[in-house]
Amino acid sequence: MIKVDKVEDGLPVSVIIPLSKNRREFFNNMVLPLIEANEVIEIIINDNDGNAPKKRNEGFAKSTQPFIFFCDDDILLPANYIGVLLKALEQHPEVGFAYTGYHGIVLHPESHPIHGNFEIPAIEFNPQALKYGNYISTMSLMRRELFCGWDEKLKRLQDWSFWLTIVEKGNKGILVPSQTFYAYYLDSGITSNNNSEIDAINAIRIKHNL
């Protein structure tokens, strides 16, 4: 089911969440209240069957706002996070998306490739650097017209492919260094050791001729 909650007044943003059924309690108690605190007009929750890219694509089809924010179901956002990113885009009309770094909280280090908590300090926007590795998280705010669809066939690193596709079309991003968020790795997920990182990287390189 795809649930759409909409209010008349708020930030002109559609937040789209692919919800896993086994994370429903954590999402409802921890994640959703913080998203609601960002006071956006539209929150779309998709818990249909399928992988996260498929759910994001389906959620986007239901969205109506000029700005889009894809949010995973294990993310804790500051209450003003989306508003700060929106202000950056409003101040820079030549820029298509705004992003930040983040902190990873790993609850099962034995199944995560980093084996513990970590920090991803995002770097200033650089199209060439993006070809060598992703530094732009899924949790970034983008203008609606940039949406290119999530690749539902990729098993891993879908966010890297997503931003490569957008940047290859000539779009630019902006780093907002004053903000960060917390990503909770509640289970092994797609970043587990059971999903080959080398195979995933090679799939991206082939797709984007890197």
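Would you order Thr138, Thr180, Thr64 from fewest to most other beta-carbon atoms within 10 Å of each residue's own beta-carbon?
Starting with the residue having the fewest Cβ neighbours, the order is Thr64, Thr180, Thr138.
Can you give me the Kirkwood hydrodynamic radius for the chain, using every pair of distinct Cα atoms, in Å to one decimal?
Hydrodynamic radius (Kirkwood, Cα only) of the chain equals 17.4 Å.
Using label points projected 7 Å from each Cα along Cα→Cβ, tell me how many nm separate Asn117 and Ser178, to one decimal.
It is 2.5 nm.
List the trypsin sites (Lys or Arg not before Pro) within segment 112-176 that DSSP assigns to loop and that have no more than 14 neighbouring Cβ atoms inside 10 Å.
Lys153, Lys155, Lys169, Lys172
Residue by residue, what Karplus-based ³J(HN,Hα) values in Hz, rounded to whole numbers, does segment 4-14 have, using 6.51, -1.76 and 1.60 with θ = phi - 60° and x for Gly and Pro?
Listing the rounded values in order: 10, 10, 9, 10, 7, 10, x, 5, x, 10, 9 Hz.
With the cut-off at 20 Å, tell me which of the pairs Lys131/Lys172; Lys3/Lys172; Lys3/Lys54; Lys6/Lys54 have Cα atoms farther apart than that.
Distance filter (> 20 Å) returns Lys3/Lys172; Lys6/Lys54.
Just need the Rg to Rh number for segment 1-59, please, alpha carbons only, Kirkwood Rh.
0.97
Take every Cα pair under 8 Å in segment 2-208 that's 6+ residues apart, average their separations, divide by the length, and report that relative contact order as a whole percent.
24 percent
With springs only between Cα atoms under 10 Å apart, run a GNM on the chain and tell me which of Ser178, Ser63, Ser14 wobbles the most.
Per the Cα network of the chain with a 10 Å cutoff, Ser178 tops the list.
Would you mind giving the average projected area, over all directions, of the Cα convex hull of segment 58-98 in nm² with one decimal?
3.6 nm²
On alpha carbon coordinates alone, what is the Rg over Rh value for segment 31-70, Rh being the Kirkwood radius?
0.97
So if I place +1 on the C-beta of Lys and Arg and -1 on the C-beta of Asp and Glu, and nothing else carries charge, what would the dipole magnitude of segment 2-208 be about its Cα centre? I want it in debye, nearest 20.
The calculation lands at about 560 debye.
What distance in nm separates the two pseudo spin-label positions at Ser196 and Ala129, each 7 Å out from Cα along the beta-carbon direction?
3.0 nm
Every number here is computed from the coordinates shown, using simple stated rules; none is lab data. Fair warning: this is a prediction, and the values are worked out from it, not measured in the lab. FYI the Cβ positions are ideal-geometry reconstructions off the backbone, even for glycines, and counts take in every protein chain you see.
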